[in-house]
Amino acid sequence: MTESTTAVRQEAGNDVVFDGITKSFGSTQVLQSIDLHISSGELVTVLGPSGCGKTTALRILAGFEKPSSGRVLVNGQDITSVPANRRGIGMVFQAYSLFPNLSVQENVEYGLRVRRVDRGKRAARAKELLEMCGLAEFASRYPHQLSGGQQQRVALARALAIQPGVLLLDEPLSALDAIVRSQIREEIRRLQQQLGITTMFVTHDQEEALSIADRVAVLKDGVIEQLDEPRTIYQKPSTEFVARFVGSVTEVGATRDYRGGALPVQHPEAGLDTLFVRPEDITLVPDEDGSCTVISQIYTGERTIVRATNPANDLEVTSSVSAVEASDLVPGTRVTPQVMSTPALRVSANKQNPAEQVTV
Amino acid sequence: MSVPVAPTPGSAPGAPPGAAAPGGGAPGAPPGARPPLLSRGRWDGVTTALRSPAVLALAPLTLIIAVFFLVPIFGMTTIAFAVQTDDGGTRIGLDNFLDLSSHSRAMRNSVLISVVGSLIAAVAGSITAFCIAQIKSERLDSVVAVFSSVLANDGGAPLAFSFIVTLGNTGIIFGLLGLEAIGFTLYSWQGLVAMYQYFLIPTMIMVTLPTFVGLRKEWTEANTSLGGSRLTFWRRVGIPIATPALLGGWILLFGSAFATYASAAVLIGSGGFPLIPLSIDSLLGSGLGAGGQSTAMALGVTMVVIAVVVLFFFNRLQRRSARWLQ
C-alpha cells in the first residue's frame, strides 16, 4: 500500500525547472540550453514549428528521453535520473493512446491498478474523473466506440486519475476537428485551473497556445525565443521570428527618425528600419491614386482580413477591418495603406546587429 | 501434378459467397454495427449490387468459383450422401459417414499431427514475429512478409524430397547430427510434424507480424507514464491485444496442417501411417468401386466441414484484433 500513499501525497502544485537542458541525437542538436521555470499551478504552452524541439523538451520532462546535459527539477528535487514510471507525471498523447482492449473505466483505473489501489477506491476515483470530464455514461464503452474528442477526454481523465504532480500534453488536440478542439481546449483549461496542476502543453497551433496559456514559450531550433504572457507575445514580440510565427504581420519600412503614430506604408528597403505591424494596426484608405490594389478578402465573422499588394515592389499588406469597412475594399480597389499605431516590433536598419531594437 | 489442398488466406473457401460481391455490407455503415448475418438488412447491398451492370466484372471470379469450388463440392456431397439400396436404386442417407469408423485411425492421426504441429509452429512463429517486430525496421518487416508468404506456400513433393535428402535415413543432416542414435526417423509422425514446420512457422510469422508491428509506441509510453513496468504492459495490454491474432494464427495452422496432402503422400505413402487425405487417395485408387468412392467423398465432406469451421473462427478472431489495431 506504500504506492497508493505515494499517489495521494503527490498533490497538485509542483513547480518545474529545466536547468540548462541540452539534447543531441547523434550530430543533430535538438535543444540548446533550455532554461525554463514553470511555477506551481501554472500552464505554460511550448509553441514552435515542427522540428523545433518542443516535443523533445516535453519527453525529457516525462522521462522518455535523457537530456545530454542539464537537470530537470520538480518541486525542487532533481528527477533527471528518475525512471519515467516513477515520476508520477500525467501525460496525454496526440491520439490513439488509449488501451484498445480495455473499457473506458478500465483505462482510467489503469494507473491506480498499477499502484495497487483497492477496487472500491479505484472505481470511485474513475467515476469522479469521468463525471468531471463529462463521460459518465461512456464508462463501459471501448475506445474504438468513441469519437476522437471523447477519446482525448478519456486520455485526460486517465492521466489525472493518478493525481500527478505535473501534467504534460503533447499536441492533444491536433487530430480533432475545429469545434471539438476548442471545446476540449476550454475543458482542459477549466480542469487545470480547478485542480491547480502544473501543466506543460506542447503545440504548433498559435491560436491554441495563446488562448489556453498563462505563459507561452516560443521555441525555434532548440532555443526559447521568448517566454511571456500570451498578450505580450502577440503585442510585443521580442524577435522577428516570434512576430512572424505568432499572428500575422506586415513588414513596413520606416526611417530612423520615425517615433510612432500614423505612417504611410512603404516597402522595407535597405537603410530603413523594419516595422512589424499587426493587421489591426493598419488601415487601407480607398484612393484612386493609391499605390496598392486589394487582392483578396477573407471573411472570418467578426472581422474581415483584406490583403493588398503593390506589384511594383512586391509589398504585401494585411489589414483587419470591420464588415462595414470591408464593403469599400472589394478586390481591385486602389488603396493607400497606413500604419495607425505603434508597431509590434521594430528592427533597426543596422544589420550588423539585427536583434537590436529601437524603442519606438 | 499435385494440387495443394492447404487453405491459404488468399483462397479461403470458408468465406461466404456474398463476401466477394462489392458492397457486401450496407455502404457507409461503421464496422461492428453490421446487421446480423441472416437478417435482410445485411444482404440489401448485395441485391442492389447484383442488379448493376458492374456485376459483369465478377464473371471471371464467378466462373472459377463455380468450376473449381461449387461443382466439385456439389458432386462430392451428392456422392457422399447417396446410399445404394438393395433393389439397385439410391437414397439419401448417412451410411457412408457411419462407415468412417474404420478410418478413425486416420482421423486420430490427422488431428494429432495437426494439433502438435500447429502448436509448435504457433509458439515458434509468434516468438520469431515478436522478435522481428522489436527491431522496428519497416524494410525488414516487408522483406519478412514477402519471404514468409513464399515459404508458407512452399509445400508439396519438392518439400518432402528436400527433407528426405537432409533428414531421411541416409540424409546429410541426419548423419551429421547422429539423429539415428536418439531414435528419430523422418518416416513417423514426429517426422511429419518436423516437415510441416517448414511451412507452418512462416505462415504464423506472416499472420502475427502485423499485430506485433501494430502495437503502438503510445501504448507502451502511456503504460510507463501511468507507473507500469514493461511486464505490466505485456500482461495487461500487449498480450491481450495480440491474443486474437495468436489464436487465429494457430487455428489457421491447424487447418493448413490438417489438409496437407502432397508432402505427406511423398514422405509416408499410403502405408503405415494413415491420414485423412492419404486415406481418401487410397480409397479412390483402390478397386473398391463405388463403395470406396462414396466413403472417400464422405471423408472429403468431413474435411470441408472442419476447414470451414476453422476458417470461420479464424476470420472472427482476425477481425477483432484488426479493429483494435486500426
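The values are calculated or read from the model by the stated rules, or taken from the named source; none is laboratory data. Predicted, not measured: the structure shown is a model, and the values here were computed from it. Heads up, the Cβs are rebuilt from the backbone with ideal geometry, glycines too, and the neighbour counts pull from every protein chain shown. Please note that ligands, DNA and RNA were not included when accessible areas were found on the heavy atoms of the full protein model with its side chains. Shrake-Rupley method; radii C 1.70, N 1.55, O 1.52, S 1.80 Å.
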> Residue check: is residue B:199 crowded, with 18+ Cβ neighbours inside 10 Å, assigned to a helix (DSSP H, G or I), more than 14 Å from every other protein chain (Cβ to nearest Cβ) and free of Cβ contacts under 8 Å to residues at least 40 places away in the same chain?
Replying inline: no
> Got a number for residues in the stretch A:133-181 being within 14 Å of another protein chain (Cβ to nearest Cβ), open to solvent by 60 Å² or more (accessible area, probe 1.4 Å) and of a type in the set (A, V, I, L, M, F, W, C)?
Replying inline: 1
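Output the residues belonging to the stretch A:249-283 that are of a type in the set (A, V, I, L, M, F, W, C), within 26 Å of residue A:325 (Cβ to Cβ) and open to solvent by 10 Å² or more (accessible area, probe 1.4 Å). Can you show your working first?
Just the residues of the stretch A:249-283 that are of a type in the set (A, V, I, L, M, F, W, C), to begin with: A:249, A:252, A:254, A:262-263, A:265, A:270, A:272, A:275-277, A:282.
If we keep only those that are within 26 Å of residue A:325 (Cβ to Cβ) too, we end up with A:249, A:252, A:254, A:262-263, A:265, A:275-277, A:282.
Those that are of a type in the set (A, V, I, L, M, F, W, C), within 26 Å of residue A:325 (Cβ to Cβ) and open to solvent by 10 Å² or more (accessible area, probe 1.4 Å): A:249, A:262, A:263, A:265.
Return the residues of the stretch A:97-106 that are more than 28 Å from the chain's Cα centre (by Cα) and more than 7 Å from chain B (Cβ to nearest Cβ); say none if nothing qualifies.
A:102, A:103, A:104, A:105, A:106
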> So which helices (runs of 4 or more DSSP H) stay within the stretch B:58-146 end to end and still have 3 or more residues that are open to solvent by less than 60 Å² (accessible area, probe 1.4 Å) and touching a residue at least 12 places away in the same chain (Cβ under 8 Å)?
Replying inline: B:71-81, B:95-98, B:104-135
> When you go through (1) part of a helix (DSSP H, G or I); (2) buried (at least 22 other Cβ atoms within 10 Å of the Cβ) one by one for residue B:227, which number turns out not to apply?
Replying inline: (1)
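Sort out which residues of the stretch A:182-209 are buried (at least 17 other Cβ atoms within 10 Å of the Cβ) and not hydrophobic (A, V, I, L, M, F, W, C), and write them in order of number.
Scanning the stretch A:182-209 gives A:185, A:187, A:189, A:192, A:198, A:199, A:203, A:204, A:206, A:208.
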> Here are B:247, B:275: which of them is under 22 Å from residue B:99 (Cα atoms) and either more than 14 Å from every other protein chain (Cβ to nearest Cβ) or within 24 Å of the chain's Cα centre (by Cα) (or both)?
Replying inline: B:275
>> Which residue is most open to solvent (accessible area, probe 1.4 Å), if the candidates are limited to the stretch B:176-188 and must be touching a helix residue (DSSP H, G or I) at 6+ places or on another chain (Cβ under 8 Å) and over 19 Å from residue B:263 (Cβ atoms)?
In response: B:180
> Which residues, taken from the stretch A:120-132, are free of Cβ contacts under 8 Å to residues at least 24 places away in the same chain, crowded, with 16+ Cβ neighbours inside 10 Å and not aliphatic (A, V, I, L, M)?
Replying inline: A:122
> Residues in the stretch B:56-102 that are over 17 Å from residue B:299 (Cα atoms) and of a type in the set (S, T, N, Q): how many?
Replying inline: 4
> Take the residues of the stretch B:38-49 that are open to solvent by 80 Å² or more (accessible area, probe 1.4 Å) and under 30 Å from residue B:301 (Cα atoms): which is nearest to the chain's Cα centre (by Cα)?
Replying inline: B:38
> Which of the residues belonging to the stretch A:44-83 are open to solvent by less than 10 Å² (accessible area, probe 1.4 Å), touching a helix residue (DSSP H, G or I) at 6+ places or on another chain (Cβ under 9 Å) and within 22 Å of residue B:221 (Cβ to Cβ)?
Replying inline: A:45, A:46, A:48, A:62, A:72
>> Tell me yes or no: at least one residue of the stretch A:217-234 is over 28 Å from residue A:24 (Cα atoms), outside the structural domain of residue A:332 (by TED's automatic domain parsing) and touching a residue at least 24 places away in the same chain (Cβ under 8 Å).
In response: yes
>> Criterion first (in contact with a Pro (Cβ under 9 Å, 6 or more places away or on another chain) and touching a residue at least 60 places away in the same chain (Cβ under 8 Å)) does residue B:207 satisfy it?
In response: yes
> Just one of B:233, B:212 is open to solvent by less than 40 Å² (accessible area, probe 1.4 Å) and either assigned to a loop (DSSP other than H, G, I, E, B) or away from chain A (no Cβ under 14 Å) (or both); which is it?
Replying inline: B:212
> Among the residues of the stretch B:246-258, is there at least one that is surrounded by 17 or more Cβ atoms within 10 Å (Cβ to Cβ), modelled with pLDDT of 85 or more, assigned by TED's automatic domain parsing to the domain that holds residue B:149 and not in a helix (DSSP H, G or I)?
Replying inline: no
> Mind checking which residues of the stretch B:215-230 are free of Cβ contacts under 8 Å to residues at least 12 places away in the same chain and either of a type in the set (A, V, I, L, M) or more than 7 Å from every other protein chain (Cβ to nearest Cβ) (or both)?
Replying inline: B:217, B:222, B:226, B:230
> Which of (1) more than 14 Å from every other protein chain (Cβ to nearest Cβ); (2) of a type outside the set (D, E, K, R); (3) part of a strand (DSSP E or B); (4) crowded, with 23+ Cβ neighbours inside 10 Å does residue A:243 not meet, given it meets every other one?
Replying inline: (3)
> Which of the following residues is in contact (Cβ under 8 Å) with a residue 12 or more places away in the chain and open to solvent by 10 Å² or more (accessible area, probe 1.4 Å): B:242, B:298, B:264, B:194?
Replying inline: B:194
> Can you name the number of the only condition in (1) touching a Phe, Trp or Tyr at 6+ places or on another chain (Cβ under 8 Å); (2) within 30 Å of residue A:247 (Cβ to Cβ); (3) facing chain B (nearest Cβ under 9 Å); (4) not aromatic (Phe, Trp, Tyr) that residue A:94 fails?
Replying inline: (1)
>> Given the options B:284, B:311, name the one that is in a helix (DSSP H, G or I), away from chain A (no Cβ under 14 Å), modelled with pLDDT under 85 and closer than 22 Å to residue B:123 by Cβ.
In response: B:311
> helices (runs of 4 or more DSSP H) wholly in the stretch A:100-178 with at least 3 residues that are among the charged types (D, E, K, R) and assigned by TED's automatic domain parsing to the domain that holds residue A:84 - which ones?
Replying inline: A:104-114, A:119-132
> Are there any pairs, at least 6 apart or on different chains, whose C-beta atoms fall under 9 Å, with the first in the stretch B:156-175 and open to solvent by 60 Å² or more (accessible area, probe 1.4 Å) and the second of a type outside the set (Gly, Ala, Ser) and in a loop (DSSP other than H, G, I, E, B), and if so, which?
Replying inline: B:169/B:185; B:169/B:186; B:169/B:187
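Being at pLDDT 90 or above and not assigned by TED's automatic domain parsing to the domain that holds residue B:292 narrows it down to one of B:66, B:49, B:57, B:82, so name that one.
On the way: B:49 fails: at pLDDT 90 or above; B:57 fails: at pLDDT 90 or above; B:82 fails: at pLDDT 90 or above.
Every option except B:66 fails the conditions.
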> Is it the case that the stretch A:69-87 has a residue that's within 13 Å of another protein chain (Cβ to nearest Cβ) and under 24 Å from residue A:194 (Cβ atoms)?
Replying inline: yes
